[in-house]
Amino acid sequence: MTEEIERPERPERIEDLDDRVGPPHHGTERETLRAFLDYHRATLAMKCAGLTDEELRRRSMPPSTLSLLGLVRHMAEVERAWFRRVFEDHDAPMVWSKEIDFQAAYDASTSTRAEAFGAWEAEVETSRRIEREAESLDLVGHQPRWNEEVSLRMVMLHVLLEYGRHNGHADFLREGVDGVVGA
């Protein structure tokens, strides 16, 4: 007798999981940036929904270590590097590497959904708090990797672009895991 694997509920279409809130059609610059960033964060989570840890760790193609779980881990690093390290603690360690090595996060071979999403969600909450507490998008922080000053506006745009690029990867990775496409 084989042991059954507990599997999250699997959608037939990704749209069945889509509870994202779209950005406003009219709003301030800050409201719009915040909404688009949250929309892209929700897109990454949606692309991972309904998959087992093993499926989330499935790599795109050798020799790449890219996987959905690796993308979640990478985005935790991105959130930390661009919000926490710029505006609060320039010396905060990265999540999965001693030095600043964004590639290290992609190796999710021993990671779990709980570990990766726990770290990512904690960093997202820190980023949201930093943004909410800032008086304006003109808040200036120090990007230690560049040794330059950057504005909150620039950081939000940069992180938004990171999500956009990596959500494109997530589209292909999810289709490769179980054929689910969309959104």
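The values are calculated or read from the model by the stated rules, or taken from the named source; none is laboratory data. Keep in mind the model is a prediction, meaning the values are calculated, not measured. We place every Cβ from the backbone using ideal geometry, glycine too, and count neighbours over all the protein chains shown. Heavy atoms of the whole protein, side chains included, go into the accessibility calculation; ligands, DNA and RNA do not. Shrake-Rupley method; radii C 1.70, N 1.55, O 1.52, S 1.80 Å.
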Exercise. Looking at (1) of a type outside the set (S, T, N, Q); (2) buried (at least 16 other Cβ atoms within 10 Å of the Cβ); (3) assigned to a helix (DSSP H, G or I); (4) under 14 Å from the mean Cα position of the chain (by Cα), find the lone condition where A122 falls short.
Key: (2)
Practice problem: Kindly indicate whether any position in the stretch 146-156 is outside any helix (DSSP H, G or I), over 14 Å from the mean Cα position of the chain (by Cα) and either within 21 Å of A45 (Cβ to Cβ) or of a type in the set (V, I, T) (or both). | Solution: yes
Practice problem: For the stretch 81-95, name all the residues that are in a helix (DSSP H, G or I), more than 14 Å from the chain's Cα centre (by Cα) and hydrophobic (A, V, I, L, M, F, W, C). | Solution: V86, F87
Exercise. Select from the stretch 164-183 the residues that are more than 20 Å from P62 (Cβ to Cβ), of a type in the set (A, V, I, L, M, F, W, C) and surrounded by fewer than 19 Cβ atoms within 10 Å (Cβ to Cβ) and list them in ascending order.
Key: V181, A183
Self-check item: Count of the stretch 52-80 residues which are more than 12 Å from the chain's Cα centre (by Cα) and surrounded by fewer than 23 Cβ atoms within 10 Å (Cβ to Cβ)
Solution: 14
Quiz prompt | I5 surrounded by fewer than 19 Cβ atoms within 10 Å (Cβ to Cβ), modelled with pLDDT under 95 and of a type in the set (V, I, T) | solution = yes
Quiz item: Does at least one position in the stretch 47-54 carry a residue that is in contact with a Ser or Thr (Cβ under 6 Å, 6 or more places away or on another chain), in contact (Cβ under 8 Å) with a residue 60 or more places away in the chain and not in a helix (DSSP H, G or I)?
Solution: no
Quiz item: Quick check: is even one residue across the stretch 96-113 farther than 22 Å from R58 by Cβ, open to solvent by less than 70 Å² (accessible area, probe 1.4 Å) and assigned to a helix (DSSP H, G or I)?
Solution: no
Quiz prompt | Test for S127: is it in a helix (DSSP H, G or I), surrounded by 16 or more Cβ atoms within 10 Å (Cβ to Cβ), at pLDDT 90 or above and under 16 Å from the mean Cα position of the chain (by Cα) | solution = yes
